[in-house]
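The values are calculated or read from the model by the stated rules, or taken from the named source; none is laboratory data. All values derive from a computational prediction rather than experimental measurement. Reconstructed Cβ throughout: ideal geometry from the backbone, glycine too, with neighbour counts over all protein chains shown.
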């Protein structure tokens, strides 16, 4: 992680937006804002603490409701001007009594959703996780920090990365036959991660893969 002083505190006048994600479920819980003091307090106390823009004061999430957010980790984005905070929520996060502040959907005029807010949240989670992974992989590709596993893959070249994808695919197949669901989930995550590394090596954004899937899904529905 970057030091506090390395983050971009100037862009929003001393504040940085912080997206909070459930460490276990990966669901996006809320958006808050941190200044240097609240971020330092969060790191020191392991209780997610924000800066209230309305009250102009520090705000420990859950200090009145008891619905705390226990800090797991904090990840700055590539520009150092926003944060992804992973946490373990105690009780509902939203003041309306729901687990997440993100509910429902927004549509363009003339469009409709499926009416299920859980599907919108699931899509947001997927987009957020893959976006974060792509940013991390991109930074490793450009910066090549020593000691990084991803750096070693890029340095070994395309053939080695392709080999790893093949190996992970075999491990997924084996886990499906002889292991439990948890092991299969972990092996599948390894496969997806190495696939993202391979796509970066070939300069193919993950959104292009998603576009192919959407086209195929559309043709299946209309068939």
- Message: Please determine whether any residue of the range 65-72 is within 24 Å of residue 135 (Cα to Cα), crowded, with 19+ Cβ neighbours inside 10 Å and touching a residue at least 12 places away in the same chain (Cβ under 8 Å).
- Response: yes
- Odd one out for residue 51 among (1) touching a strand residue (DSSP E or B) at 6+ places or on another chain (Cβ under 7 Å); (2) modelled with pLDDT of 95 or more; (3) within 28 Å of residue 138 (Cα to Cα): (3)
- Query: Of everything in the range 22-44 that's out of contact with any strand residue (DSSP E or B) (no Cβ under 8 Å at 6 or more places or on another chain) and part of a helix (DSSP H, G or I), which residue is farthest from residue 72 (Cα to Cα)?
  - Reply: 36
- Residues (assigned to a helix (DSSP H, G or I) and either within 11 Å of residue 134 (Cα to Cα) or in contact with a strand residue (DSSP E or B) (Cβ under 9 Å, 6 or more places away or on another chain) (or both)) located in the range 199-222: 199, 200, 206, 207
- Item | Residue match in the range 25-44 (condition: touching a residue at least 60 places away in the same chain (Cβ under 8 Å), under 29 Å from residue 145 (Cβ atoms) and touching a helix residue (DSSP H, G or I) at 6+ places or on another chain (Cβ under 9 Å)) | yes
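For every residue, the table says whether it meets (1) loosely packed, with under 15 Cβ neighbours inside 10 Å; (2) modelled with pLDDT under 90; (3) under 30 Å from residue 76 (Cα atoms); (4) not assigned by TED's automatic domain parsing to the domain that holds residue 75.
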residue	(1), (2), (3), (4)
112	yes, yes, no, yes
147	yes, no, yes, yes
160	yes, no, yes, yes
168	no, no, yes, yes
173	yes, no, no, yes
181	yes, no, no, yes
185	yes, no, yes, yes
206	no, yes, yes, yes
222	yes, yes, no, yes
- Item | Positions within the range 66-79 being assigned to a loop (DSSP other than H, G, I, E, B) and at pLDDT 90 or above, in sequence order | 66, 67, 68, 77
